[in-house]
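Here's the structure, in structure tokens; my notes come after.
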Amino acid sequence: MFGEFEELGLIDRYESVIASVGYEHIEAHVLETCTGQWGNTMLDVLRSWMSDKVVPWMLSVVAEEARSMLQGVGSRFDFHINKTLCDLRTREIFDIIIDFPDSMGALNDLKDCLQRVDQRTALVTALRKANRKRLLHPGADTKLILSQYVATIKCLRIVDPPGVLLFKVADPIRRYLRDRPDTIRCIVANLVGDNSDGGDALVDENEPIVPLQQVMDSMDDYGDPNWEPEPVDAGPEFRTNKPSDVISTLVSIYDSKDLFVKELQVLLAQRLLAIKDGNFERVEKERRNIEILKIRFGEAALQVCEVMLKDMTDSKRIDGHVQSQKASNVHPTIISKHFWPALESSDMVMPGQFQELQDLYAQEFTIFKPDKKLKWLPHLGTVRLELQLDDRTVEADVLPLEAAFIELFSKKDEWTLEELIAGVGDIDRSAAFKALVTWVNMGVLKEDPENTFVLLERAEEDVSGKRSPEEWGVSAGTFWLPIDSSVLALIGGGVNVGPELPPVITAQQQQAEQMKVYWKVRPFIPSQPYPAPKLTIRQFIEGMLTNLGGLPLDRIQTMLKFAPGYDQSIEQLATFMEAARREGLVVVRDGMWRLNK
């Protein structure tokens, strides 16, 4: 029969039919056996199956004399196995990365397949599309995006060690993370081991700690005997980087490490000020963290952190001396004003015996440190109280404002809300409500009509006045800590740690405040000469968006550089614009910033 086919000239068509049947069989088998199977390599198993099943079947349907013509079909079938498996892994790549490191087998298969099949562009396109759809959207938590980015880095380093694929895939992720206001905080929280949400840590504890590598330092070293040229599919902007750890890669999202150092200072301040009851084991833990971070950031960058840690040690020593001279119930945390991040201030004043305790402590402190003066932050910290009422004793650890209010009731049993606020200084009305709710719910106070509160010397059987903070129109929360003028102090010496940390003003908030001066500066128009520096602080960003309409961030940055004294980076500008968006001043769509009219 085969001879007749050859004589009729049908041999080419006959061979293609056999091959197409083989290809379809291979595709069906690969999809059936390999879909979702990522733990072990499958390529060698598929090749063995082809040798044992497909090739013998193919040879059995042709004449003996024609087998020499089909010697190359095994190679073509092997290529088709690689292509089919590569297509499958390309479609699954996002989930493979999620499953890392349990998907090592699939990654090694993909690496081998890409060496045989030219599907690198398809892989990049598929992964970028999946990232846009499933990862880079407002509903995704920043920590989740960072975790997926770290997994992507590790996976693509396995698939493509030179890093071309990672360079092409990572760019949209890095740009998106750069625009997120909490990216730096998430990275820094992982650096100091703050993984309180129970998620996966970004930093591998087994990964060696190396100094941060600056992007600018990744130039080609042609004197390196191991130097290799860039891959053929590398774009003009690609630069072969030396292998770096994950943290170096994350920090390189921004042009400078200074933002990370500032955020690290803020987070360290919050963690130190949250320490209660003289738990200096936590101080030593933070000290060890800083020593490790010095390897990454350098000693000079973390000198402020060293001062903060020293303040905690000195504070304990100073308090010990003061207590030895005159025992006091006040145990403040004393910190150096000029080295700590800014803390939220308040005009609150502690009344009665609390003010007396502060004054007595300040006197002893001045004797010990005559060149220093305490500036109290009485709204920060915790106070442990024991209330002696007619029929009961109430013990509670409360916030200073709550303690201040209950102290006022030692003068008289009934106060209006306005009188209570006047008795402790200029405080927010919602904060006052929230503090009073605490005592109402404890059955110590009772709310009467018209915002009047009465002390319950004798407990009522049914305290109908119990109300939650939400019922007052106040959101539930917790509280914070201390500060100084050349030194700082705090009532109670600690913090009631809850879902948040002390209200230290973050690096982004500080930068946003600095940027506000450029919100109203006259816009630069190339056809007009720019006015003298003394006339420039008028309607710049606002005027720019009014006159020119929507602008991308890089264009705003370029035009802002014409403003005298402007030296902010594009990342700092992005932080400010995001803050302006939250305040309703601007809107952003498809990367274009516009005034919110």
(request) Just give me the residues in the stretch 322-351 being farther than 20 Å from Gly425 by Cβ, in contact (Cβ under 8 Å) with a residue 60 or more places away in the chain and more than 29 Å from the chain's Cα centre (by Cα), in sequence order. (result) His331, Ile334
(request) Could you check Arg594 against (1) part of a strand (DSSP E or B); (2) at positive phi and say which number it fails? (result) (2)
(request) May I ask you to verify whether Pro162 is over 26 Å from Ile292 (Cβ atoms) and touching a residue at least 40 places away in the same chain (Cβ under 8 Å)? (result) yes
(message) Residues that are at pLDDT 85 or above, among the small types (Gly, Ala, Ser) and under 12 Å from the mean Cα position of the chain (by Cα): list the helices (runs of 4 or more DSSP H) wholly contained in the stretch 138-239 that include at least 1 such residues.
(response) 142-159
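Residue-by-condition table, conditions (1) part of a helix (DSSP H, G or I); (2) buried (at least 16 other Cβ atoms within 10 Å of the Cβ); (3) of a type outside the set (S, T, N, Q):
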| residue | (1), (2), (3) |
| --- | --- |
| Val349 | no, yes, yes |
| Tyr361 | yes, yes, yes |
| Glu364 | yes, yes, yes |
| Val394 | no, no, yes |
| Ala403 | yes, yes, yes |
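Within the group Thr142, Thr152, Thr125, which residue is hydroxyl-bearing (Ser, Thr, Tyr) and surrounded by fewer than 17 Cβ atoms within 10 Å (Cβ to Cβ)?
Working: Thr142 fails: surrounded by fewer than 17 Cβ atoms within 10 Å (Cβ to Cβ); Thr152 fails: surrounded by fewer than 17 Cβ atoms within 10 Å (Cβ to Cβ).
After applying the criteria, what remains is Thr125.
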(request) Please go through the stretch 352-410 and pick out each residue that is more than 41 Å from the chain's Cα centre (by Cα), more than 20 Å from Met442 (Cβ to Cβ) and hydroxyl-bearing (Ser, Thr, Tyr). (result) Thr366
(message) Can you say whether Arg296 is in contact with a Ser or Thr (Cβ under 9 Å, 6 or more places away or on another chain) and over 30 Å from Leu360 (Cα atoms), as far as the supplied structure shows?
(response) yes
(request) Could you grab the pairs with beta carbons closer than 6 Å, sequence gap of 6+ or different chains, first residue in the stretch 117-135 and over 14 Å from Val164 (Cβ atoms), second one among the basic types (Lys, Arg) and part of a helix (DSSP H, G or I)? (result) Val117/Lys83
(request) Can you work out which of the residues in the stretch 560-573 that are crowded, with 19+ Cβ neighbours inside 10 Å and part of a helix (DSSP H, G or I) is farthest from the chain's Cα centre (by Cα)? (result) Leu560
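This table checks each residue for (1) within 20 Å of Gln148 (Cα to Cα); (2) touching a Pro at 6+ places or on another chain (Cβ under 9 Å).
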| residue | (1), (2) |
| --- | --- |
| Asn82 | no, no |
| Leu88 | no, no |
| Pro101 | yes, no |
| Thr121 | no, no |
| Arg128 | yes, yes |
(message) Looking at (1) of a type in the set (A, V, I, L, M, F, W, C); (2) in contact (Cβ under 8 Å) with a residue 60 or more places away in the chain; (3) assigned to a helix (DSSP H, G or I), which one does Trp376 not meet, given that it meets all the others?
(response) (3)
(request) Can you tell me which residue among Met1, Met69, Met58 is exposed (fewer than 12 other Cβ atoms within 10 Å of the Cβ), over 28 Å from Ile93 (Cα atoms) and either modelled with pLDDT of 75 or more or hydrophobic (A, V, I, L, M, F, W, C) (or both)? (result) Met1
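The values are calculated or read from the model by the stated rules, or taken from the named source; none is laboratory data. Just so we're clear, the structure is a prediction, and the values are computed from it rather than from any experiment. Because the Cβ atoms are built from the backbone with ideal geometry, glycine has one as well, and the counts that use them run over all protein chains shown.
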